[in-house]
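Step one of this worksheet: look at the structure below.
The values are calculated or read from the model by the stated rules, or taken from the named source; none is laboratory data. The model shown is predicted, which means the values in this text are computed figures rather than measured ones. Here the Cβ positions follow ideal geometry from the backbone for every residue, glycine too, while neighbour counts run over all protein chains shown. These accessible areas exclude ligands, DNA and RNA; they are computed on the full protein's heavy atoms, side chains included. Shrake-Rupley method; radii C 1.70, N 1.55, O 1.52, S 1.80 Å.
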Amino acid sequence: MNLSPTQRRTLGAFLRVVALAEPLQGQLAAEYGISFGDLHAVRVLSRLGEVPVSHYGAELGLARSTITNLVDRLERAGLVARVASPTDRRVTLVRLTATGLRAVDAVATVADSDVASRVLALAESDQTALAELLERLLAADPESPADPELPADPELPADPEAVTAPEAATAPGVAR
C-alpha cells in the first residue's frame, strides 16, 4: 500500500518538526540530565508537591511499574527524593530536590528555543489549531491505530531516528 501525497506530506513534516526539537533535547540533557518527558514529570511534581508515589503515577497516567522506573531515573539524576511518610510507614512519598526545582526553570530554556520561536510566531488561531491536533495525536490509542501497518515510503526515512536536526532545517518547506 502506498501513502497518499497528503499522508507523505504530513508524516514528512511531522518528522522534520520532531528533528527540530533535537538540539533542545540535547541542551536539556546537558544542563539538567533530563528528557522532554522527564521535564514534564518534574513540572507535574512541582505542581503537586510532596506526594505518595502512587498519586504521582496516577497524575501522570502511569502504571505502577512505570512510575517506579521514572522515579528511579529521576532520583539517579538527583531531581527527586523518596521519603517515608511520617503518618503511614507503608507509603513512600516523592518530592523534588533543589536540583529538581532548578530543572523546573528549564521552561525558560524551552521558551528561548528555536522550536518555541517558530511555534510562537504562528498566529494565535494557528497555535490553537496546532495544539488541538497535537493533543488529539497524543490522545490516540496506540493499540488501535486507524492504519495498523504503515508501509515503508521511499520519501520518508525508514528510521525516524535517522532524521537529524540539520537535515530538518534544510528540508523543503522548513523556513529558517
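Quick look at the values:
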| read-out | value |
| --- | --- |
| In region 40-80, the residues that are touching a Gly at 6+ places or on another chain (Cβ under 7 Å) and in a strand (DSSP E or B) | Val80 |
| Candidate set from region 10-35 (those that are more than 27 Å from Thr99 (Cα to Cα) and without any contact (Cβ under 8 Å) to a residue 24 or more places away in the chain); member that is surrounded by the fewest Cβ atoms within 10 Å (Cβ to Cβ) | Thr10 |
| Test for Gly49: is it at positive phi and open to solvent by 50 Å² or more (accessible area, probe 1.4 Å) | no |
| Region 43-67 residues that are more than 23 Å from Val107 (Cα to Cα), paired with ones that are surrounded by fewer than 16 Cβ atoms within 10 Å (Cβ to Cβ) and charged (D, E, K, R) (beta carbon under 9 Å, 6 or more apart) | Pro52/Asp88; Val53/Arg64; Val53/Arg82; Ser54/Arg64 |
| Any hit, region 136-152, residues being open to solvent by less than 40 Å² (accessible area, probe 1.4 Å), within 17 Å of Leu15 (Cα to Cα) and at pLDDT below 95 | yes |
| Top-ranked residue in region 101-123 [being in contact with a Phe, Trp or Tyr (Cβ under 9 Å, 6 or more places away or on another chain), open to solvent by less than 50 Å² (accessible area, probe 1.4 Å) and part of a helix (DSSP H, G or I); ranked as nearest to Arg73 (Cα to Cα)] | Ala103 |
| Residues that are farther than 15 Å from Ile34 by Cβ and in contact (Cβ under 8 Å) with a residue 12 or more places away in the chain, drawn from region 80-93 | Ala81, Arg82, Val83, Ser85, Val91, Thr92, Leu93 |
| Within region 78-100, considering residues that are aliphatic (A, V, I, L, M) and open to solvent by less than 60 Å² (accessible area, probe 1.4 Å), the one nearest to Phe14 (Cα to Cα) | Leu79 |
| Residue match in region 70-77 (condition: closer than 30 Å to Leu130 by Cβ and open to solvent by 40 Å² or more (accessible area, probe 1.4 Å)) | yes |
| Tabulated pairs, region 98-126, first touching a residue at least 40 places away in the same chain (Cβ under 8 Å), second of a type in the set (Asp, Glu), C-beta under 8 angstrom, 6+ apart or interchain | Ala106/Glu31; Thr109/Glu31 |
